[in-house]
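Beneath this line is the structure, given in structure tokens, with notes to follow.
The values are calculated or read from the model by the stated rules, or taken from the named source; none is laboratory data. Bear in mind the structure is a predicted one, so any value in this text is a computation, not a measurement. So basically every Cβ, Gly included, is an ideal-geometry build from the backbone, and we count neighbours across all protein chains shown.
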Amino acid sequence: MYIIMLGAPGAGKGTQAAVLSQEIRLPHVASGDLFRQALEQKTDLGLLAKKYMDSGDLVPDKVTITMILEKINQPDCASGCLLDGFPRTLEQAKALDTAVAEQGKSIDKAIYIEVPSEELIKRLSGRWLCRNCQTPYHTISSPPKIPGKCDKCDGELYQRSDDNEETVKERLDVFFTQTVPILDYYRKQGKLIEVNGNLGIQEVARKIISTLKQNE
């Protein structure tokens with residue numbers, strides 16, 4: 001089973017993919033990790049992607065899809081995998097469908113973790129990191145014992161530039177503009193599963209798993 005994980009920044013998409021990977025025994029394939037590995041290993045695709053990245057251009061869909069196809073054709077993905085971080089646009093979704101079809105495979109389900117914008121802004125704009133050890137904190141859900149200081153190493157806490165409220169809103173606007181057409185695309189194919197992501201991690205995972213079983 002090949003499953004796509006969809007969700008806005010802060011929706012918990014990566015967290016759920018990691019939980020589901022253990023529960024349903026499918027590899028978690030994150031496009032960002034594939035890029036990092038390809039760059040570190042200096043593969044042909046990694047070097048090609050680096051040329052675009054170094055010049056400030058977006059990596060073409062064809063390069064990303066080729067990287068994903070290489071991964072899903074490896075033995076550990078023979079029975080399926082969870083795709084996280086791709087596709088991000090309708091054009092990418094269509095291109096991915098075409099590419100996997102040429103391999104005799106298909107995307108089975110697209111899981112959309114839905115979280116209200118207000119909650120996403122709260123989650124993202126409240127995130128802080130330790131400058132030394134990178135331990136994450138949150139002003140509401142997991143604050144440090146001493147404001148501005150890491151509990152583990154006393155390092156200074158800082159907020160990433162893309163986690164301030166104004167930037168978060170811009171990121172979410174871009175996401176929703178790009179994602180609504182993808183949701184409609186998979187909905188028309190009867191492949192979309194929508195899950196309330198405004199619950200606890202385990203509860204969201206249980207709902208996803210039970211819905212997948214109902215759709216088998």
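Of note:
- Within segment 139-169, being among the β-branched types (Val, Ile, Thr) and surrounded by 12 or more Cβ atoms within 10 Å (Cβ to Cβ) holds for Thr139, Thr167, Val168.
- Of all the criteria given as (1) on the phi < 0 side of the Ramachandran plot; (2) among the small types (Gly, Ala, Ser); (3) surrounded by 15 or more Cβ atoms within 10 Å (Cβ to Cβ), the one not satisfied by Ser106 is (3).
- Complete set of residues in segment 10-47 that are surrounded by 16 or more Cβ atoms within 10 Å (Cβ to Cβ) and in a loop (DSSP other than H, G, I, E, B): Gly10, Ala11, Gly12, Ile24, Leu26, Pro27
- The lone exception for Asp44 - which of (1) touching a residue at least 40 places away in the same chain (Cβ under 8 Å); (2) over 18 Å from Lys109 (Cα atoms) it fails: (1)
- Looking only at residues of segment 53-71 that are among the aliphatic types (A, V, I, L, M) and at pLDDT 85 or above, we find that the one that is surrounded by the fewest Cβ atoms within 10 Å (Cβ to Cβ) is Leu69.
- Of all the listed residues (Lys188, Lys213), the sole one being modelled with pLDDT under 95, more than 18 Å from the chain's Cα centre (by Cα), under 20 Å from Ile107 (Cβ atoms) and basic (Lys, Arg) is Lys213.
- Some residue of segment 85-100 being crowded, with 20+ Cβ neighbours inside 10 Å, among the aromatic types (Phe, Trp, Tyr) and at pLDDT below 90: yes
- Helices (runs of 4 or more DSSP H) lying entirely in segment 51-127 (those with 1 or more residues that are closer than 22 Å to Lys207 by Cα and among the basic types (Lys, Arg)): 117-125
- Filter result for Ala110 (modelled with pLDDT of 90 or more and out of contact with any strand residue (DSSP E or B) (no Cβ under 8 Å at 6 or more places or on another chain)): no
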